[in-house]
1. Considering only residues that are basic (K, R) and either at pLDDT 95 or above or surrounded by 18 or more Cβ atoms within 10 Å (Cβ to Cβ) (or both), which ones fall in segment A:101-123?
2. Out of segment D:29-67, which residues are over 14 Å from the mean Cα position of the chain (by Cα), farther than 23 Å from D:D11 by Cβ and surrounded by fewer than 16 Cβ atoms within 10 Å (Cβ to Cβ)?
3. Please indicate, with yes or no, whether at least one residue in segment A:28-44 is in contact (Cβ under 8 Å) with a residue 40 or more places away in the chain, over 22 Å from B:D20 (Cβ atoms) and not hydrophobic (A, V, I, L, M, F, W, C).
4. Test B:K43 against the criterion of being at pLDDT 90 or above and within 14 Å of chain C (Cβ to nearest Cβ), and give yes or no.
5. When you scan segment C:86-96, do you find a residue that is under 22 Å from C:N26 (Cβ atoms) and part of a strand (DSSP E or B), even just one?
6. Looking at segment C:108-139 only, could you name the residues that are basic (K, R) and either under 15 Å from the mean Cα position of the chain (by Cα) or in a strand (DSSP E or B) (or both)?
7. Give the residues of segment A:77-109 that are of a type in the set (G, A, S) and at positive phi, sorted by residue number.
8. Give segment C:46-62 a look and list any residue that's out of contact with any helix residue (DSSP H, G or I) (no Cβ under 9 Å at 6 or more places or on another chain) and either within 13 Å of chain A (Cβ to nearest Cβ) or closer than 10 Å to B:Q22 by Cβ (or both), or say none.
There are 4 protein chains.
Amino acid sequence: MKDKKHHFELDFSVRDYECDLQGIVNNAEYLHYLEHTRHEFLKSIGLDFFALHKQGIDAVVTRLEIDYKFPLKSGDLFVVTLDLKKKGRLRYIFIQNIYSQPEQREILCARVICTCLYNGRPVVSEKIDRAAAHFLANE
Amino acid sequence: MKDKKHHFELDFSVRDYECDLQGIVNNAEYLHYLEHTRHEFLKSIGLDFFALHKQGIDAVVTRLEIDYKFPLKSGDLFVVTLDLKKKGRLRYIFIQNIYSQPEQREILCARVICTCLYNGRPVVSEKIDRAAAHFLANE
Amino acid sequence: MKDKKHHFELDFSVRDYECDLQGIVNNAEYLHYLEHTRHEFLKSIGLDFFALHKQGIDAVVTRLEIDYKFPLKSGDLFVVTLDLKKKGRLRYIFIQNIYSQPEQREILCARVICTCLYNGRPVVSEKIDRAAAHFLANE
Amino acid sequence: MKDKKHHFELDFSVRDYECDLQGIVNNAEYLHYLEHTRHEFLKSIGLDFFALHKQGIDAVVTRLEIDYKFPLKSGDLFVVTLDLKKKGRLRYIFIQNIYSQPEQREILCARVICTCLYNGRPVVSEKIDRAAAHFLANE
C-alpha cells in the first residue's frame, strides 16, 4: 500500500504497444516509466536532462535493483513514485515504486543509483545538488 | 518471391520483445528493421549515420509507404532488402522489402524517401552522392 | 494548421527515451503514437483492441503512408488527431495528423489502412461497423 | 575480463535506434539484450518461451540487479553471457554479463531471478527443470 507522501509522483496508463506476447508489459518498459519519472522530477526542480547533456553533464544509472511484484496489463492505470537520497558525495539514490490505480496494488519497487559524469568522469554537480537540496539527505 | 539481386541485404531474426500482445511483430518494429538495414548499407559504402550527424549532416525520412503483407512471429528468420534510387537533386528513394526465410514469403514492401539536412536545411550532400554513386540512377 | 474538428484527438508529450541519437523522436516511435491513438479511439466507442484479439478478431494495418514534416524533440507537447472512413466493405482508413502544441505546427500526416481478420481471414466485423457507424462514410 | 566458459553466449551489435539522445544505448535496451539471450538459451535446450506461454507456463522475472559499468555506443559489437543456477525449488538465477568485442571490456553484470507461473501461480516446472538439468546446481 502506498501510504506516505513522496518527493514526486507521475501518473501513466499502459499503452498496448508496451505489452509483449505474454499480454503484459515487457520488463524493459518499466525502466522507461522509471526513467521518464526521474526526468520529469528533474524538470520540476528546474533541470533538463537533455540540456544538461548538451552542457557535457550526463546523469547516468550505475546500479539498478528491481523487484517485480505484479504485472501491468493493457489499459492499466498506474502511478510511479520517486524519493531521492544522496549517498556519499557522488551518488544519488532514487527509490521508485509503481502502484496500480485506483487499487494501489504494488507493481514493483526499484532502487536506482545514479551519478553525474562531466565529459565522462564522475563529478559532484553543484548545479544538481543545489536544485535538489530540498530533497537530499544522506541515506 | 524474391527473384533478383539487390543493392544490399541484411539477415535478421525476430526477438520475442519485438512482438506485441497479438503475438506478432508490432508494426513500429518493422521501421527499426528497415532503418537498421539502411544504416548498415551506409556503413557498407563508407558512411556512418551517427558520424554524419556529428558533422551536422542528418539523413531524414520525409515520406514512408509500407504495404504490410504478412506478419512475422516469434523466432521467424527474415531478410531485409534495399535498393537505392535518386529522385531529383535532393531526394533518395529506398525500396525495401522483407521476406521470410527460407520460404521467401513477402512480409512487407516499403518505399522510404529520405533527404539530407545540413544544420536543418535540405542540401545536396556530395559526400553521400559520391559514396552512393555506384547505386544511383534517377527513378 | 489544424482548423477543423476531428473524430478523435489525444494529447501526448515526448518522453526522452523516445528520442534517438539525432536528438529527435525516432521515426518508428510515431507509429506508436498513431497506434495508441487508434486504440484509445476504439475504447471511446466501446471496443477494446486486446479483448477483440482474445475473441479472435484482429484489426491489422495493411498499408501505411506517412509524410514526416517536422521532427518532435525532447519534452515537446503534441496532439494526435484521428478521422475515420470506410473504403469498400473490408477496409478502414484512418487519417491521422500530429500537431505540436500550442504552436499547431504540422509534424506529420498519415493515412493508415486497416482491415479485420477473424482467425487470420479478412472479414466484415459487424461489431466494429456498428460501434463506428456514427463515423463511417465511404471515402 | 571474460576468462571462463559460460553456459551460453550470444553475439550482438548495437543498432542505432537503440541509442538515445545521450548517444549511448538506453538503459532499458540492455534488458532486451539480456531477455533475448535467455530466450535463445531456452531454445538451445529445447524450450520455447512463447510455446510455453501458450501452454499456460510463463517464466517471469521477479528480481533484477544490474551494475552498469560502461556504456555501449552506436555500432559496438558485444557478447551477452549467461550462467544458470537454481535457488530453492522455485527460483532460477541467471548470471548475465555483457562484454564489448573484441576488447572484452565489461559493460554490465546482471543477476536476474526468475520463477515459473502456471496460470498465474508459482510452480515447479518439471519440463524446464529436466531441460536445464545439465546446468542446474544450487547456488
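The values are calculated or read from the model by the stated rules, or taken from the named source; none is laboratory data. It should be emphasised that the depicted structure is a prediction, and the values quoted were computed from it without experimental measurement. With ideal geometry, Cβ positions are generated from the backbone for all residues, glycine too; neighbour counts draw on all protein chains shown.
1. In the first step, residues of segment A:101-123 are kept if they are basic (K, R); the result is A:105, A:111, A:121.
Correct list: A:R105, A:R111.
2. D:A51, D:K54, D:Q55, D:G56
3. Yes.
4. Details: at pLDDT 90 or above: yes; within 14 Å of chain C (Cβ to nearest Cβ): no.
For B:K43, the condition - at pLDDT 90 or above and within 14 Å of chain C (Cβ to nearest Cβ) - is not met.
5. Kept after step one, since they are under 22 Å from C:N26 (Cβ atoms), are these residues of segment C:86-96: C:94, C:96.
Cutting the leftovers down to part of a strand (DSSP E or B) gives us C:94, C:96.
The answer is yes; a qualifying residue exists.
6. The initial filter retains those residues of segment C:108-139 that are basic (K, R), namely C:111, C:121, C:127, C:130.
C:R111, C:R121, listed by residue number.
7. Keep residues of segment A:77-109 that are of a type in the set (G, A, S), which gives A:88, A:100.
If the condition is that a residue be of a type in the set (G, A, S) and at positive phi, then A:G88 is the only one that fits.
8. Residues satisfying the conditions are C:A51, C:H53, C:K54.
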